[in-house]
Amino acid sequence: MSNSALSPAGTSTGSEAGFATRLLGGAAKRLVIAVPYFWLLLFFLVPFIIVFKISLSQTAIAMPPYAPVFDLSEGVSGLVDRLGELSFDNYLWLVEDALYFNAYVSSLVIAAISTILTLLVGYPIAYGMARAPATLRPVLLMLVILPFWTSFLIRVYAWIGILKPEGLLNQFLLAVGIIDQPLIIMNTHTAIFIGIVYSYLPFMVLPLYSALEKMDYSLIEAAQDLGCPPMSAFWKITFPLSLPGVVAGCLLVFIPAVGEFVIPDLLGGSQTLMIGKTLWNEFFANRDWPVSSAVAVILLLLLVVPIVLFQNAQARAQEQGR
């Protein structure tokens, strides 16, 4: 009798505890989502707004070297009052001057070729790591990450000593009799490709290894038992299953390679035309901050907009597949 009388109260207490648990769980999930969004707001959106604001300004002999069209401290009302004064002359200048268009095209082409080369080099490495014995994989993974323990600038400088006419590579090739005179590799696109592939190879290998390591290799064995040649099994099973890693690796290499400055400057020479070098020259040599800010905004849009469209298309395709 007493148990029956206490049952409703116990049920009520249990439901309240469950509601409180769900409430706390929902708050924790919202907090987990809010932290990265706050990070992006603070370190991506705010700097982008500042750069976009400078791109609408006019060059001036001052410090900093531009005359702002509007001041954010004036608030929304001040911004509304000065909307008619906003100038997009810097963006029109980018369209009129062929230098910037050629720099964008050259950067995209060099980054695309470098990404393809990095994929061709990185895929066999990642595949070998994924098929290696489990006890050996941590060592191989550490070897891939090991270059990050050295300064990026020092590693690029090391390639100068390797690729220059009297460098280690030419000395080796001359010693074994493969060539009769030193190869001219420095200050060419070849040197840029070598530098980018070497520097960004871990960014390609790690996503590929993550995708290949999770793959069920019994599917390959089943395909071979059914008479499928190894190469056909690779293209029909292994490569499609590793596509998420391929896409992630290509994005991680392509995006920073487009705006790369150090490698083209040190290995490509003064004749190399890439948007990163153009941006640096506008900021520090010409001290034209408004134009350089416009160059940076266009570069960001060229990279972000296609990626967002691609991700939305993938999301829609996954929803339709379900």
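The values are calculated or read from the model by the stated rules, or taken from the named source; none is laboratory data. Note that the structure is a prediction, hence the values are computed from the model and not measured. Cβ: placed from backbone, ideal geometry, glycine included. Neighbour counts: every protein chain shown.
Per-residue answers, yes or no, for (1) closer than 30 Å to P68 by Cβ; (2) of a type outside the set (A, V, I, L, M, F, W, C):
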residue: I237; (1), (2): no, no
residue: I255; (1), (2): yes, no
residue: F261; (1), (2): yes, no
residue: D288; (1), (2): yes, yes
residue: V305; (1), (2): yes, no
residue: A313; (1), (2): no, no
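With the structure loaded, tell me whether L120 is among the hydrophobic types (A, V, I, L, M, F, W, C), without any contact (Cβ under 8 Å) to a residue 40 or more places away in the chain and in a helix (DSSP H, G or I) or whether it fails that test.
yes
Per-residue answers, yes or no, for (1) assigned to a helix (DSSP H, G or I); (2) surrounded by 17 or more Cβ atoms within 10 Å (Cβ to Cβ); (3) without any contact (Cβ under 8 Å) to a residue 40 or more places away in the chain:
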residue: A103; (1), (2), (3): yes, yes, no
residue: L108; (1), (2), (3): yes, yes, no
residue: I113; (1), (2), (3): yes, no, no
residue: I116; (1), (2), (3): yes, no, yes
residue: P124; (1), (2), (3): yes, no, yes
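Pull out all pairs, ordered by first then second residue, where Cβ-Cβ is under 8 Å, the residues are six or more apart or on different chains, the first lies in the range 301-318 and is modelled with pLDDT of 80 or more, and the second is exposed (fewer than 10 other Cβ atoms within 10 Å of the Cβ) and among the hydrophobic types (A, V, I, L, M, F, W, C).
Listed by first residue and then by second, the contacts come to nothing, as the list is empty.
Within the range 263-273, can you find the residues that are β-branched (V, I, T) and at pLDDT below 90?
Step one: list which residues in the range 263-273 are β-branched (V, I, T), which gives 263, 272.
Scanning the range 263-273 gives a single hit, T272.
Out of the range 132-142, which residues are part of a helix (DSSP H, G or I) and exposed (fewer than 12 other Cβ atoms within 10 Å of the Cβ)?
P138, V139, M142
Can you find, within the range 71-116, the residue that is nearest to I50 (Cα to Cα) among those that are of a type in the set (S, T, Y) and at pLDDT below 85?
Of the residues in the range 71-116, the ones of a type in the set (S, T, Y) are 73, 77, 87, 91, 100, 104, 106-107, 114-115.
Checking the rest, the ones that are also at pLDDT below 85 come to 73, 77, 87.
On the way: S73: 13, S77: 18, S87: 15 Å.
Out of the qualifying residues, it is S73.
Only one of these conditions is not met by Y157: (1) buried (at least 19 other Cβ atoms within 10 Å of the Cβ); (2) among the aromatic types (F, W, Y); (3) under 18 Å from T272 (Cα atoms). Which number is it?
(1)
Select the helices (runs of 4 or more DSSP H) contained entirely in the range 202-291, then report the ones holding at least 1 residues which are surrounded by 15 or more Cβ atoms within 10 Å (Cβ to Cβ), within 16 Å of the chain's Cα centre (by Cα) and free of Cβ contacts under 8 Å to residues at least 40 places away in the same chain. Before you say what the answer is, go through the steps one by one.
Values: elements: 218-225, 230-233, 243-258, 275-280.
Answer list for the range 202-291: 243-258.
What are the residues in the range 125-148 that are under 21 Å from the mean Cα position of the chain (by Cα) and under 19 Å from T238 (Cα atoms), if any?
Within the range 125-148, I125, A126 meet the criteria.
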